[in-house]
Amino acid sequence: MYNIQIMKRFKLAVEKRKIVGKKVKKLRKEGLLPANIYGRGVKSQSLQVPYKEFEKVYKEAGVTGIVDVEIDKQVRPSLIHNVQQDYYKHTLLHADFFQVNLKEKVTTMVKVVTVGEPKAVSEKLGLLLQPLSEVEIEALPTDLPDKIEVNVGPLAQVNDQITVGEIKAPTGVTILTDANQVVAKIGELISKEAAEQAAAEAAAAEAAKAAAAPTEGAEGTPTVEGETPQPAAAEGGKPAAPGQTTEGGAKPASTSNAASGQTGKTPARNATQSVAGGEAPKK
């Protein structure tokens, strides 16, 4: 049910690097990738690597494959760490090599790949979900796997699942990730008919809401924000002019804003609104 594949080893010839800092841009233009090598008890050293050669090895080795880094005819087994990429161009900018002792265990992350088709999916009972795409492991550098394959074929019902604890690690490899974490599971399947029914119910609810809404011009219609209310209508249906007495002898309220001290003018609304960057929107 579970298959763990062991990585093969790779070789990469590099040179010591004297150019550091911002000047490394020149190296990249020449087809070289700036790099460093370090490790436990190993002094960090600046390197330069042929870009295309590194790219080819990195594509196959990833971060778990042992790379025999050759410096001045001296081979130093290492793992590729901390590869930096240009965010926009997606080109490599820098890489680190972590020199390892083949007799000491290391910890790293390894991919989890599902294989097979769950019975629940083939019978259209549910969907395959993979909440966990990698796990942390500990092993000797020579025992590090490329990936862990999990056969999801036996998952037959909704809520069937496979946890980390169910993965059987080979001799020499310890899985450090919490055993209760779910690697793969079967989720509920939403049928086309159920989706159409939900859409129809939503449309009916909108129609009912629209039918219950008050018609235009009905009593109690609220004033639109930003609009000035019209003066009360005088007898005969015409609006009362400022100063004119309405039925009952009372004068309508003055349109002047007494609180602001401005007569005959509506106080200007504060139209300046803060936007990103602190600038007011242009009219």
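Looking only at the stretch 143-180, which residues are more than 16 Å from GLN130 (Cβ to Cβ), more than 29 Å from the chain's Cα centre (by Cα) and in a loop (DSSP other than H, G, I, E, B)?
ALA156, GLN157, LYS168, ALA169, PRO170, THR171, GLY172, VAL173
Which ones in the stretch 27-44 are of a type outside the set (A, V, I, L, M, F, W, C) and within 21 Å of LEU102 (Cβ to Cβ)?
Within the stretch 27-44, ASN36, TYR38, GLY39, ARG40, GLY41, LYS43, SER44 meet the criteria.
Can you say whether LYS119 is of a type in the set (Lys, Arg), more than 25 Å from the chain's Cα centre (by Cα) and closer than 30 Å to SER78 by Cα, as far as the supplied structure shows? Explain how you work it out, then say what you get.
Numbers: of a type in the set (Lys, Arg): yes; more than 25 Å from the chain's Cα centre (by Cα): yes; closer than 30 Å to SER78 by Cα: no.
Criteria not met by LYS119.
Considering only the stretch 19-41, how many residues are surrounded by 15 or more Cβ atoms within 10 Å (Cβ to Cβ) and either basic (Lys, Arg) or part of a strand (DSSP E or B) (or both)?
So the count comes out to 9.
Mind listing just one residue for me: the one in the stretch 122-142 that is of a type in the set (Ser, Thr, Tyr) and surrounded by fewer than 14 Cβ atoms within 10 Å (Cβ to Cβ) and, of those, farthest from the chain's Cα centre (by Cα)? Walk me through it before giving the result.
Of the stretch 122-142, the ones of a type in the set (Ser, Thr, Tyr) are 122, 133, 142.
Then drop every residue that is not surrounded by fewer than 14 Cβ atoms within 10 Å (Cβ to Cβ), which leaves 122, 133.
Working: SER122: 30, SER133: 15 Å.
Result: SER122.
Within the stretch 105-113, is there a residue that is touching a Gly at 6+ places or on another chain (Cβ under 7 Å), within 23 Å of VAL135 (Cβ to Cβ) and part of a strand (DSSP E or B)?
Just the residues of the stretch 105-113 that are touching a Gly at 6+ places or on another chain (Cβ under 7 Å), to begin with: none.
The answer is no, given that none of the residues of the stretch 105-113 is touching a Gly at 6+ places or on another chain (Cβ under 7 Å), within 23 Å of VAL135 (Cβ to Cβ) and part of a strand (DSSP E or B).
No value in this document is a laboratory result; all are computed from the given coordinates. In this text, all values refer to a predicted model and were calculated from it rather than measured experimentally. Methodologically, a virtual Cβ is constructed for each residue, glycine included, from the backbone with ideal geometry; neighbour enumeration extends over all protein chains shown.
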